[in-house]
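Notes follow once the structure below has been shown.
The values are calculated or read from the model by the stated rules, or taken from the named source; none is laboratory data. Being a predicted model, the structure only gives us computed values, none of them experimental. Glycine also receives a Cβ, built like all others from the backbone with ideal geometry; neighbour counts cover every protein chain displayed. For the accessible areas, the whole protein counts, side chains as well, though only heavy atoms, and no ligand, DNA or RNA atoms are used. Shrake-Rupley method; radii C 1.70, N 1.55, O 1.52, S 1.80 Å.
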Amino acid sequence: MERFEDVVEDYRPMIYHIIKSLQIYKDVEEYFQTGMIALWDAQQRFDPNKGAIFSTYAFSYIKGRIMTDLKNSRKLEDRNVYPEESYWEMEVDNGEQRLQLANLLFYCTDLTEKQKQWVIYTFYYGMTIQEIAKHERVSPSAVKKWRVGAIPKLKKNILLAQC
């Protein structure tokens, strides 16, 4: 078995090639370290009796580990990205807007909280299903379920209000 330092010198260009092929441009050194750890694991786990060539095994092992790390960091980044503060500010400055919102909420008496949110986002803010899903950090299908549950209740409440 070769010394790890020798293996690193031989496979350093491969790790940078994998990083470049995955189009990683941020945190290159962090992904290089991930590649080094994967190379060390590959060297420890490699079994020449299974008929594989170490360079092929190392390439797929390193690339897989970097891709997993990249996927996990993107998930974390997606969860922790917050819009600017102005996105959350609700402009309800004059009484007319408050009255419109109050009128809208009048018809939402027996709706769940999520269904009420759908009503407000759709009819007060004019947001699409995709925009609501992004804002609430849920899937568009979840928002569609809110809508499906809300519409019959809204129809019933509107009919009751007209009587």
Cα-centre dipole for the chain with unit charges at Cβ (Lys and Arg positive, Asp and Glu negative), debye to 20: 1140 debye
Accessible solvent surface per residue of the chain, calculated while the other protein chains remain in place, 1.4 angstrom probe, Å²: 72 Å²
Shape box of the range 1-69 [Cα atoms, principal axes, largest first, Å]: 38, 21, 16
Cα-centre dipole for the range 111-160 with unit charges at Cβ (Lys and Arg positive, Asp and Glu negative), debye to 20: 200 debye
The range 1-86, accessible surface, carbon-and-sulfur percent (1.4 angstrom probe): 52 percent
Radius ratio Rg over Rh of the chain, counting only Cα atoms, Kirkwood formula for Rh: 1.32
Integer Hz, Karplus 6.51/-1.76/1.60 couplings in order for the range 16-28, x for Gly and Pro: 5, 5, 5, 4, 5, 5, 8, 6, 8, 10, 9, 6, 4
Residue-wise HN-Hα coupling along the range 49-59, computed from phi with Karplus coefficients 6.51, -1.76, 1.60 (Hz; x: Gly, Pro): 6, 7, x, 8, 8, 4, 5, 5, 4, 5, 4
